[in-house]
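Input: a single structure, listed below in structure tokens.
Laboratory data are not the source of any read-out in this text; all were calculated from the coordinates shown. Keep in mind it's a predicted model, so treat the numbers as computed, not measured. Cβ atoms come from the backbone with ideal geometry, glycine included; neighbour counts cover every protein chain shown.
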2 protein chains.
Amino acid sequence: MKERKVSEAVIRRLPRYYRQLELLNGKGVDRISSSELAQQMGLNPSQVRQDLNCFGGFGQQGYGYPVQNLHKEIANILGLTRSYKLVIAGAGNIGQALCKYEGFAQKGFEVIALFDINEALIGQTIAGRPILHVDQMSGFIRENSVDIGIISARRRSAQQIADTMVEAGIRAIWNFVPVDVTVSVPIENIQLSDSMFVLSYRLNAQE
Amino acid sequence: MKERKVSEAVIRRLPRYYRQLELLNGKGVDRISSSELAQQMGLNPSQVRQDLNCFGGFGQQGYGYPVQNLHKEIANILGLTRSYKLVIAGAGNIGQALCKYEGFAQKGFEVIALFDINEALIGQTIAGRPILHVDQMSGFIRENSVDIGIISARRRSAQQIADTMVEAGIRAIWNFVPVDVTVSVPIENIQLSDSMFVLSYRLNAQE
DNA sequence: TAGATTGTTAATCGATTAACAATC
DNA sequence: TAGATTGTTAATCGATTAACAATC
């Protein structure tokens, strides 16, 4: 295995490999060649081999890749062999839905609290997790060693929430607010309206 | 203006330009140079000019770009000058949250109904929109000339729902299910777990 | 007019694809 | 061993950045 820089594009494909291998593993397939895998995922066989070789020589000449092992290796690369504590800032629609989303807890991403400024919400619980006042967030993050902060608040408070989270020691941010937030920790943006606009662009471009 | 192929990367930047220009317009800024805009958005000035020139010569030498006009032009390119009818297949957590999300209606994306197979949900309304049985979806899409279908159902039914939607004449699909759905119309995927996995990768890669 | 900044062509950089020797 | 398929280097392709003439 040679050290090489892992590009953004490769990183974005990792979860897709992970999903496909999970599927194959579930079907009881125990080996797969780069060309089969590429075909199933709409990629190029060379690309699959290049991608995987960024992390190690998981295959075997003349045989292909062992599905179960590769699945585990990618889980490990993605950091899915440990668990994470999450908090959600903004207990509105999106915040509540994310809290209830079962897919995360299954993979070790556990929401432990929500925060809001709306007095009507504070004190309630969502799927068993309490909604607390934002003023308590900083202390809570510190005391509970929270790993990831989800921002699903109002547009104008997003940056400030991010700053508070980072200052309190959070290690990554998942931002649902359509605003470019600047922070010193890794951040992933889910900008729903951006995606919707791309869709309407495509819909109209088709004609 | 020369005809040139608009790449995926350019399309993904369009909503960001749109957002930034909206912000500037709101602040009463009436002109901006490619270098200022680039700096605000973390891009390269050349890139900004190249991107915009895919669609027209909106700028003026020695002056820059007129903010309000450019904002309108991009709205038009993105297809935001008309409205769209949407339906949601899968009225669980995510489906309901999307239905309640106010950002869309403001931009002309109107959810008119939700569909589910859960009898306990059917007959309820979410933010004033009815939850109907999936069996009625095909007819409903046809009768109401629905433009966009949102899929927020169970993993195993995603492909079938997509097929039904396309067959009924839907023109674009917004998919929230972590499965690679194959369709003949434009599709945008929001794969929450993929994004979360990229985040956990980055969190661990930092160390 | 002179200065500024675009539109556009050319150069660079990085990612994808092809080719093939290594090897299971 | 022979066939298959990887790992890896080389070639191609496309996107980003630089440069500069055109022009407001």
Any idea which of (1) β-branched (V, I, T); (2) within 14 Å of another protein chain (Cβ to nearest Cβ); (3) assigned to a helix (DSSP H, G or I) is the one B:V48 doesn't satisfy?
-> (2)
Please work out if A:S138 is within 14 Å of another protein chain (Cβ to nearest Cβ) and hydroxyl-bearing (S, T, Y).
-> no
Yes or no: B:I11 away from DNA strand D (no atom under 16 Å from the Cβ) and crowded, with 18+ Cβ neighbours inside 10 Å?
-> no
(1) in contact (Cβ under 8 Å) with a residue 60 or more places away in the chain; (2) β-branched (V, I, T); (3) not in a helix (DSSP H, G or I): which one isn't true of B:I94, the others all being true?
-> (3)
Which pairs do you get when a residue that is more than 6 Å from DNA strand C (Cβ to nearest atom), found in the stretch B:52-64, comes within reach of a residue that is not hydrophobic (A, V, I, L, M, F, W, C), reach meaning Cβ atoms under 6 angstrom, with the pair 6+ apart or on two chains?
-> B:C54/B:R4
Scanning the stretch A:35-49 residue by residue, those farther than 18 Å from A:A9 by Cα and within 7 Å of DNA strand D (Cβ to nearest atom) turn out to be A:S35
For the subset of the stretch A:115-126 comprising residues that are in a strand (DSSP E or B) and either in contact with a Leu (Cβ under 7 Å, 6 or more places away or on another chain) or touching a residue at least 40 places away in the same chain (Cβ under 8 Å) (or both), which member is surrounded by the fewest Cβ atoms within 10 Å (Cβ to Cβ)?
-> A:I126
Could you please give the count of residues in the stretch B:40-51 that are in contact with a helix residue (DSSP H, G or I) (Cβ under 8 Å, 6 or more places away or on another chain) and more than 7 Å from DNA strand C (Cβ to nearest atom)?
-> 7
Can you find even one residue in the stretch A:65-79 that is surrounded by fewer than 15 Cβ atoms within 10 Å (Cβ to Cβ), within 12 Å of chain B (Cβ to nearest Cβ) and more than 12 Å from DNA strand C (Cβ to nearest atom)?
-> yes
State all residues of the stretch B:50-68 that are closer than 19 Å to B:L23 by Cβ and more than 10 Å from DNA strand D (Cβ to nearest atom); if no residue qualifies, say none.
-> B:L52, B:F58, B:G64, B:Y65, B:P66, B:V67, B:Q68
Of all strands (runs of 3 or more DSSP E) fully inside the stretch A:127-207, the set with 3 or more residues that are in contact (Cβ under 8 Å) with a residue 12 or more places away in the chain and surrounded by 18 or more Cβ atoms within 10 Å (Cβ to Cβ) is A:129-133, A:148-151, A:172-175
